[in-house]
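Asker: Supplied in structure tokens, the structure appears directly below.
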Amino acid sequence: MSRARAEERPGTAGTTLLVLVGLSMAVLLLTALLGMAKAKTGPIYSESNMLYAALVFYAGAGALYMAYGVAGIERYVKYASISTAIGFLATTIAAGHRWYLAGRPPFSNLYEMLLSFVWTLALMTLVAEKYYKVKIIGSITMPLAVVSVILMQLLPSEVRPLVPALQSTWLQVHVSLAMLSYAACAVSFALAIMFLIQDDMKTESFQALTALGMVAIYASMMLRFRSGGFAVAGWDPQQQSEIFIARGQSLFVTIPDLGWLFVLVLISTLAPLALYGVARLRKSEEFYGYANQAMFVTILLQVVGALAFVMRAKGGAYPSPDADGLVPTALAASPFILAGIVGAIFAGLLYLLLMWRREGLQKMLPSADDLDRITYKTICIAFPLLTLMIAVGAYWANETWGSYWSWDPKETWAAITWLVYAGYLHMRITRGWKGRRAAYFAILGFAVVIFTFFGVTYLLPGMHAYA
Amino acid sequence: MGVKAVWDKIYKTLATVRTGIILLITVVIVSALGTLVLQRPTSDVDVIRRTYSPTTLLWLDRLGLTDVYHSWWFVGLLALVSLSIIFVSIERWPNAWRFYARPYRRPEAHFRAVLPNREEFSVKDAKEGIDAATRAFAKAGLKAEKIVDNSEISLYAEKHRFSVFAVYIVHASLLLIFAGGIVDALYGYRGFVAIPVGDTVNAIEMHDAKGNDFKKPMPFALRCDGAGQENYPDGTPKKWWSNLVVLKDGQVVKQKQIIVNDPLIYHGIRVYQASYGQTGKLDHAELRAAPTSGTASPQLITVAMNKPVELDADTTVTLTRFEPDFYVQDNQVFTKSESPDNPAFELKVNTKSTGKDVTLWLFPRFNNISQGPASPYTFAYADMKMANFTGLEVSFQPGQWGVWAGVLLMAFGLTVAFFMAHLRFWAMVVDDPKKGLVLWVGGACNKNKERFETRFKELTSAIREELRASGNGDGAQTKTNG
């Protein structure tokens, strides 16, 4: 149907949007160029300029990919992938420039890890599109890239010298393997979701899945609830770093009343899940409709919560139980919370896209069989990378701390991730698990990856305090 | 039930993939649990005491949840996983070995009829058809084996036959890693030692499962000849180093400057740079001493704790006390910290001829001059050097070589398992009652089927070329598939 519809349209279909996106990108780039000419800030190929260019191109690509998702016009993809490629080039130059200035590969802190994450994401998008013909993937990865680049602007970016424990080539290998394998896991997750769409899983089930993810995010944020306030790490504007009381122990400040707002958001995320449960029990279509309405409400509330969080955490000083007077904070001090809030909203928007455009999407995606096979192949790439990442990490730990395995939470969770994917491979190879069950397994695997990457750092601090 | 019946039952239960998966899930749950409860070996005792109430802690300890990864049941669980891997491998080995040792080389009629990847070409002459196929096989990099049976000639070529063992390699490597871990758990140890510069130690500090500290003697003594820290311009530490000497029976057997990431290794015992700091003690200080009366110019002296320094034939001065960061309370001198931010020196000036001792305090941050009414000399601070200690992590892990060997083996096994496929190709000239003389070509592969299909198509088009070139048949296909 959509093919036929696309063919019916004249060759100029969608020109308006292309011109619009192109013009806004040109305006953004031009103003930046003029600003640069005035301010004379370093060479044009400097990291910050290149990142800005990458941001503009990724945003343009993201808009076009999303428009493709909605309208199904093939031309959008062509320009979107050109834009992605230019953005990728800009990111490569930015990373290269940083590497050159620092004299070491850029993998040592959150900012640099995000840089390499964005780089891998763009590369994976291009590969998935050109090699596997999964064109729609850009509408997920490009917004992610945009969010990551914006997040990077909030983090301290100056090239920092490495503390002694991090001065090892093995560390660079370890971190790059981690980024590559996590990115492969992320792609397998996206593919598994697409498989479920193609496998005619009910839209309501996606709704429950999305709501479940949101509940998980806001429930873990409740750990920062402090009698109505919300605790965030303090930020030292001079040092451009978090404030620590002891090694690996941050000084928390409490933003008053924000805690209640997040409680409200948590309740709103629970509502669609509860309504879904009622609908399942009563087998009532009506309640599925209510659940969808609750979904709208929670997304709106989440946007309000996000705005409130950004307004209040972006600056200002708040009281802290561990210090006298007011202690400043900044958005840069709470990258994980910000990522969680933005991620939840993003998941909600993707669900809305699915709800409105299900049929169109299903025609654009590769067949269920293909997706099932590609998911498996992606995990076949991710698993050896995970193995090597753990092995190199163990070797590095042995050289630095004198022990290749010390059951530190991050290590343990990396092993758990490895075991989950090992389980997936066993079920698939020896017991012939395909389709739905395999897709659920791939989703579970990525959930564990997310927990290992964000959750462990945020909830269970250990030796990996640097990253 | 007899012993044999019980054993059979256990063996049969463990020798299934299902049991293996259930055990894996249990390991996952238990290890996750261990990251949620503070673990004795990696957490500070005070932190544990602050986090849990005494009753909770008692129960956590009783259940072994405060040291999950070293508890007998966790080790037992890992042992069961290992046994399950071994038994499943034994169960599946005969089939795998048969497949490896006796490859299916001659395609029978029933096999030729059902193989998914197959193609047939009409040929005029049997021998020339086989020759054309041999040449095409060779061009595709395949070494074909000619099989003659009952005047029927067929070709067989294969690649990476050993890849059928990849699964065994991966599981064996896992067992090797476990074995290394077990050896280390039984015979390995890890501890910490802080050595002030110039001192020698021969025992390390460890704590046992209950969190009690004890000292374990080392088979050698370790002396620290120097330690230091280099900083980046912004003041963050760049490098910690220590000059270490290994002494055995009083003899120097090894010397090395270690830095973070570059340990000293002696007979399997590794000594790592872990931390560096100040002991709060003084190494030496330089003072300017000027006679109270007379016009003699001040002299620069170097003082160390409790070592008298001669100022002139009649007078000596001794540093009797040092506080790095002093404060005064109730007319007494105390120290606030171990960093030399605000030092205080207590000096004793002794005059031999009178036998009189005068005690003076010198506070460089205040007036930097010290004079007592009865002292023959005044002292001013010039410079000082603090005594440092180096913090060393000492570990002995004889099993680590098993672990590294296992890791390398696993990397190899996974490469073979995921990226190497067992490729098989057959060719045979058949006299078909309906189609006449045909060259049948077939191929099979155990993974990555799409890529194999293109490879198979390349081979068949090469055969077609060869047949055309040799004038044997027109290379027309009598049957295509797909």
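The values are calculated or read from the model by the stated rules, or taken from the named source; none is laboratory data. Here the structure is a predicted model, which is why all the values come from computation and not from measurement. Because the Cβ atoms are built from the backbone with ideal geometry, glycine has one as well, and the counts that use them run over all protein chains shown. Protein only, heavy atoms only, side chains kept; ligands, DNA and RNA dropped before computing areas. Shrake-Rupley method; radii C 1.70, N 1.55, O 1.52, S 1.80 Å.
Asker: Being touching a helix residue (DSSP H, G or I) at 6+ places or on another chain (Cβ under 6 Å), surrounded by fewer than 23 Cβ atoms within 10 Å (Cβ to Cβ) and at the interface with chain B (Cβ under 7 Å from one of its Cβ atoms): is that true of A:Trp407 here?
Answerer: yes
Asker: On the given criteria, is A:Ala231 small (Gly, Ala, Ser) and part of a helix (DSSP H, G or I)?
Answerer: When the stated conditions are applied, A:Ala231 does not pass them.
Asker: So, in the range B:201-239, how many residues would count as being away from chain A (no Cβ under 13 Å), open to solvent by 50 Å² or more (accessible area, probe 1.4 Å) and over 13 Å from B:Gly391 (Cα atoms)?
Answerer: 13
Asker: While we're on this one: Being more than 12 Å from every other protein chain (Cβ to nearest Cβ) and basic (Lys, Arg) is the filter here, so list the residues in the range B:23-66 that pass it.
Answerer: Those that are more than 12 Å from every other protein chain (Cβ to nearest Cβ) and basic (Lys, Arg): B:Arg49, B:Arg50, B:Arg62.
Asker: Consider A:Gly259 carefully, then state whether it is touching an Asp or Glu at 6+ places or on another chain (Cβ under 7 Å) and over 16 Å from A:Val342 (Cα atoms).
Answerer: no
Asker: Condition first: more than 8 Å from chain B (Cβ to nearest Cβ) and over 21 Å from the mean Cα position of the chain (by Cα). Now tell me which residues in the range A:375-395 satisfy that.
Answerer: Correct list: A:Tyr376, A:Lys377, A:Ile390, A:Val392, A:Gly393.
Asker: Name, by its number, the condition in (1) without any contact (Cβ under 8 Å) to a residue 60 or more places away in the chain; (2) away from every other protein chain (no Cβ under 14 Å) that does not hold for B:Ala411.
Answerer: (2)
Asker: A further question on this structure: Have a look at A:Ala178, A:Ala192, A:Ala183, A:Ala165 and point out the one that is modelled with pLDDT under 90, among the small types (Gly, Ala, Ser) and farther than 30 Å from B:Pro237 by Cα.
Answerer: A:Ala183
Asker: So is A:Thr417 closer than 22 Å to B:Met420 by Cα and of a type outside the set (A, V, I, L, M, F, W, C) or not?
Answerer: no
Asker: Does at least one position in the range A:100-115 carry a residue that is open to solvent by 20 Å² or more (accessible area, probe 1.4 Å), assigned by TED's automatic domain parsing to the domain that holds A:Leu18, more than 20 Å from A:His174 (Cα to Cα) and under 19 Å from the mean Cα position of the chain (by Cα)?
Answerer: Scanning the range A:100-115, I find no residue that is open to solvent by 20 Å² or more (accessible area, probe 1.4 Å), assigned by TED's automatic domain parsing to the domain that holds A:Leu18, more than 20 Å from A:His174 (Cα to Cα) and under 19 Å from the mean Cα position of the chain (by Cα), so the answer is no.
Asker: Still on this structure: When only residues in the range B:154-200 that are open to solvent by 50 Å² or more (accessible area, probe 1.4 Å) and of a type in the set (D, E, K, R) count, which is farthest from the chain's Cα centre (by Cα)?
Answerer: Among those that are open to solvent by 50 Å² or more (accessible area, probe 1.4 Å) and of a type in the set (D, E, K, R), it is B:Lys159.
Asker: Continuing with this model, one more query. Being within 14 Å of chain B (Cβ to nearest Cβ), open to solvent by 40 Å² or more (accessible area, probe 1.4 Å) and either farther than 18 Å from A:Gly340 by Cα or modelled with pLDDT under 90 (or both) is the filter here; which residues of the range A:447-456 pass it?
Answerer: Answer for the range A:447-456, where residues must be within 14 Å of chain B (Cβ to nearest Cβ), open to solvent by 40 Å² or more (accessible area, probe 1.4 Å) and either farther than 18 Å from A:Gly340 by Cα or modelled with pLDDT under 90 (or both): just A:Phe451.
Asker: Does A:Ile416 qualify as being facing chain B (nearest Cβ under 10 Å), under 22 Å from the mean Cα position of the chain (by Cα) and at pLDDT 90 or above?
Answerer: Against the criterion (facing chain B (nearest Cβ under 10 Å), under 22 Å from the mean Cα position of the chain (by Cα) and at pLDDT 90 or above), A:Ile416 qualifies.
Asker: Considering each residue of the range A:387-404, count those that are open to solvent by less than 30 Å² (accessible area, probe 1.4 Å), touching a helix residue (DSSP H, G or I) at 6+ places or on another chain (Cβ under 7 Å) and closer than 21 Å to B:Ala32 by Cα, and give that number.
Answerer: 6
Asker: Find the helices (runs of 4 or more DSSP H) located wholly in the range A:1-96 whose residues include 2 or more that are open to solvent by less than 80 Å² (accessible area, probe 1.4 Å) and modelled with pLDDT of 80 or more, and list them.
Answerer: Correct list: A:15-39, A:47-71.
Asker: Exactly one condition in (1) open to solvent by 10 Å² or more (accessible area, probe 1.4 Å); (2) within 30 Å of A:Ile337 (Cα to Cα); (3) β-branched (Val, Ile, Thr) is not met by A:Ile137; state its number.
Answerer: Evaluating A:Ile137 over (1) open to solvent by 10 Å² or more (accessible area, probe 1.4 Å); (2) within 30 Å of A:Ile337 (Cα to Cα); (3) β-branched (Val, Ile, Thr) leaves (1) as the failure.
Asker: For the range B:369-425, give me the residue count where each residue is of a type in the set (Gly, Ala, Ser) and part of a helix (DSSP H, G or I).
Answerer: Residues meeting the conditions: 6.
Asker: Pick from B:Ala144, B:Ala140, B:Ala133: which is touching a residue at least 60 places away in the same chain (Cβ under 8 Å), open to solvent by less than 30 Å² (accessible area, probe 1.4 Å) and within 17 Å of B:Leu423 (Cβ to Cβ)?
Answerer: The conditions single out B:Ala133.
Asker: In addition: Given the residues A:Leu459, A:Leu444, A:Leu361, which is the only one that is more than 10 Å from every other protein chain (Cβ to nearest Cβ), under 23 Å from the mean Cα position of the chain (by Cα) and modelled with pLDDT under 90? First the steps, then the outcome.
Answerer: Values: A:Leu459 fails: more than 10 Å from every other protein chain (Cβ to nearest Cβ); A:Leu444 fails: modelled with pLDDT under 90.
Just a single option satisfies the conditions, and that option is A:Leu361.
Asker: Can you spot a residue in the range B:137-153 that is modelled with pLDDT under 90, of a type in the set (Asp, Glu), over 18 Å from B:Leu437 (Cβ atoms) and in the same structural domain as B:Arg468 (by TED's automatic domain parsing)?
Answerer: yes
Asker: Would you confirm whether any residue within the range A:384-403 is modelled with pLDDT of 85 or more, outside the structural domain of A:Ser241 (by TED's automatic domain parsing) and closer than 23 Å to A:Met201 by Cα?
Answerer: No.
Asker: Looking only at the range B:446-462, how many residues end up being in contact with a strand residue (DSSP E or B) (Cβ under 6 Å, 6 or more places away or on another chain) and either surrounded by fewer than 17 Cβ atoms within 10 Å (Cβ to Cβ) or modelled with pLDDT of 90 or more (or both)?
Answerer: Count: 2.
Asker: To continue, here is another question. Quick check on my filter: what residues within the range B:241-282 are open to solvent by 70 Å² or more (accessible area, probe 1.4 Å), assigned to a strand (DSSP E or B) and touching a residue at least 40 places away in the same chain (Cβ under 8 Å)?
Answerer: Listed by number, the residues that qualify are B:Gln278, B:Lys281.
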